[in-house]
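The values are calculated or read from the model by the stated rules, or taken from the named source; none is laboratory data. Quick caveat: nothing in here was measured; it's all calculated off a predicted structure. Note that each Cβ is placed from the backbone with ideal geometry, even for glycine, and that neighbours are counted across all protein chains shown. In case anyone asks, the SASA skips ligands and DNA or RNA and just uses the protein heavy atoms, side chains included. Shrake-Rupley method; radii C 1.70, N 1.55, O 1.52, S 1.80 Å.
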Amino acid sequence: MTNSNAVCVEQLKDHAGREVILKGWLYRGRSSGKVLFLIIRDGTGLCQCIVEKGKVSDELFEQLKRLGQESSLTVTGTVRAEERSVGGYELAVTDAQIVSQADGYPITPKAHGIDFLLRHRHLHFRSQQQWSIGKIRHTVIDAIRRFFNDDGYTLIDTPILTAIAGEEQQSLFEVDYFGSPLHLTQTGQLHVESAAMSFGKVYCFGPTFRAEKSKTRRHLTEFWMVEPEVAFIDLDGLLELGENLVSFIAAQVLKNNKSQLETLGADIAVLEKIKPPFYRLTYTEVADILTSERTRDFLAGQLEELKNQKQQIESRIAELEEQQKGQIKQWKRDKNAAELIELRSELAEVDTKIENNPKHAQLAAEFRWGKDLGGSDETIISQMHDKPVFVTHYPKQAKAFYMKADRDNEDVVLNLDLLAPAGFGEIIGGSMREDDHDRLVARINEQGLDAEDYKWYLDLRKYGSVPHGGFGLGVERTVAWITSQKHIRQCIPFPRMMDKVYI
Ligand code: 4AD
Ligand code: MG
């Protein structure tokens, strides 16, 4: 066997009628007496390979029939179009070679709990779910780089070991740096600001770290963030930049990853709507919405809907449990068992939402101007909109020291947060930066920071200070939103969370 006609699954469409070799892993296999249906995955897609008894040696037929899930192999066969097959093409097998036999692969087609899957992330990578998310994450990162590179931005790599804090002091990871304390960076912003004064338009893109003591579905302790920073921009310019970036990312994913979006059950119609302009609300408008009757009614309607969902799930569970008690085929029993696991976890989720709804309604009703928006407040606002929502002009006391005070209303800052739609919450945070030296010193002191530590940062306000600003977009939150994942831990290859680091 030569390798000259080796192709990958993604290329099968160009080889209909021809003999090719596929190299991959056995994703799933089943037999119906004289025919084997082997689904092979090769990193570019899935292909059903048909092995008919008599078309290969009896010995090979028996070997393939017993082949364990995730064994590696090469198969030779003729490509034929088959609408009903995954990917639209299948292979009529004439020969095969087993590269390495796998027995007892721990992740079976039955459903597993999330804890088990996280402990097996090194293998779970091979699932259609993680593979699809990985492909989309790749597109998102590629789109981000392309967007900035094609628009005259210069990439600046900012340090990971840093001496000063960019965000909340309490979320710093300390590192013993030859006997002195340093910490892992929370943001590249402060450093990239200095680069903006040299290059004009810049961005940094790297891992960032937050020792956040929150075990929510939106928080990782290590995540990737892209941070553009622009000299001579204003808040309107930043809003435009943010909506253009997010729209470009959504369009690239729609262009390159439709089939992966479908595999993940993502809402394609919602993504198709992601085009400028996005909604723009001030913090004060959001505070008014949260305490309005409209929000009260919206949440009451949501509670009714959740109760209906709960009833539907419960009756389906009862139906399946009844079937399991009777005499049914083994494959049907396994299928039911897998569905039951999913339904029970869905039920637990709906129960939590039903329990939280009145709490969130109360938090919203009692929202007072000056407080930071909580996770539930963000969720409510983003659920009430079909496109992303910018929230600007936050109270000064709720935000970081570097944000520029609005000269027309000193109580608020010129900031922007972007809330993704469908309840996903914040994916972008940014602002205009305080560019007046003395005001910045006052803010540093007010927040109990030591101005001495920020000397170099203050220099930027001494030597040719200009209005400037930028923002950070979190990669995992963006991917989770685009792929409709409930938890961002699915959206980074090896998640680091407060309570656990698995592998
Ligand atoms: O709003 P944040 O904290 O803003 C900054 O760090 C600014 N210094 C950025 C800038 O202006 N250059 O974080 C920005 C984004 C959030 O909107 C979110 O998408 C993501 O980073 N993010 C997290 N993602 C996952 N886990 C966490 N713990 C995150 N914290 C922030
Ligand atoms: Mg933020």
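Annotations
- Here Ala451 clears all of (1) at pLDDT 95 or above; (2) in contact with a helix residue (DSSP H, G or I) (Cβ under 6 Å, 6 or more places away or on another chain) except the condition numbered (1).
- Here Lys500 does not fit the description of being within 16 Å of ligand 1 (Cβ to nearest atom), assigned by TED's automatic domain parsing to the domain that holds Ala400, at pLDDT below 95 and surrounded by fewer than 24 Cβ atoms within 10 Å (Cβ to Cβ).
- Residues that are open to solvent by less than 50 Å² (accessible area, probe 1.4 Å) and in a loop (DSSP other than H, G, I, E, B), drawn from the stretch 145-159: Tyr153, Ile156, Thr158
- Selected residue (criterion: nearest to Asp438 (Cα to Cα)) from residues of the stretch 347-403 that are open to solvent by 60 Å² or more (accessible area, probe 1.4 Å) and within 16 Å of ligand 2 (Cβ to nearest atom): Gln397
- Whichever residue in the stretch 13-71 is assigned to a strand (DSSP E or B) and among the small types (Gly, Ala, Ser) and, among such residues, is least open to solvent (accessible area, probe 1.4 Å): Gly24
- Residues in the stretch 111-163 that are among the β-branched types (Val, Ile, Thr) and over 19 Å from the mean Cα position of the chain (by Cα) were compared, and the one that is nearest to Ser180 (Cα to Cα) is Thr162.
- Of the criteria (1) in a helix (DSSP H, G or I); (2) open to solvent by less than 90 Å² (accessible area, probe 1.4 Å), which one Ile328 fails: (1)
- Among the helices (runs of 4 or more DSSP H) confined to the stretch 386-486, the ones with at least 3 residues that are over 19 Å from Ile164 (Cβ atoms) and touching a Cys at 6+ places or on another chain (Cβ under 7 Å) are located at 475-482.
- Filter result for Phe232 (more than 16 Å from ligand 2 (Cβ to nearest atom), over 17 Å from the mean Cα position of the chain (by Cα) and on the phi > 0 side of the Ramachandran plot): yes
- When residues of the stretch 464-486 are limited to those that are away from ligand 1 (no atom under 16 Å from the Cβ) and in contact (Cβ under 8 Å) with a residue 60 or more places away in the chain, the one least open to solvent (accessible area, probe 1.4 Å): Val466
- Val175 satisfies every condition listed in (1) among the β-branched types (Val, Ile, Thr); (2) crowded, with 18+ Cβ neighbours inside 10 Å; (3) more than 26 Å from the chain's Cα centre (by Cα) except (2).
- Answer residue from the stretch 198-216, given it is more than 16 Å from ligand 2 (Cβ to nearest atom) and under 18 Å from the mean Cα position of the chain (by Cα) and is farthest from Met497 (Cα to Cα) among those: Phe205
- Residue list for the stretch 28-66, restricted to those being more than 24 Å from Gly87 (Cα to Cα) and hydroxyl-bearing (Ser, Thr, Tyr): Ser57
- Which listed residue is modelled with pLDDT under 95, assigned to a loop (DSSP other than H, G, I, E, B), open to solvent by 90 Å² or more (accessible area, probe 1.4 Å) and not assigned by TED's automatic domain parsing to the domain that holds Thr263, from Glu83, Glu10: Glu83
- Among residues of the stretch 416-442, those that are away from ligand 2 (no atom under 16 Å from the Cβ) and surrounded by 20 or more Cβ atoms within 10 Å (Cβ to Cβ), counted: 3
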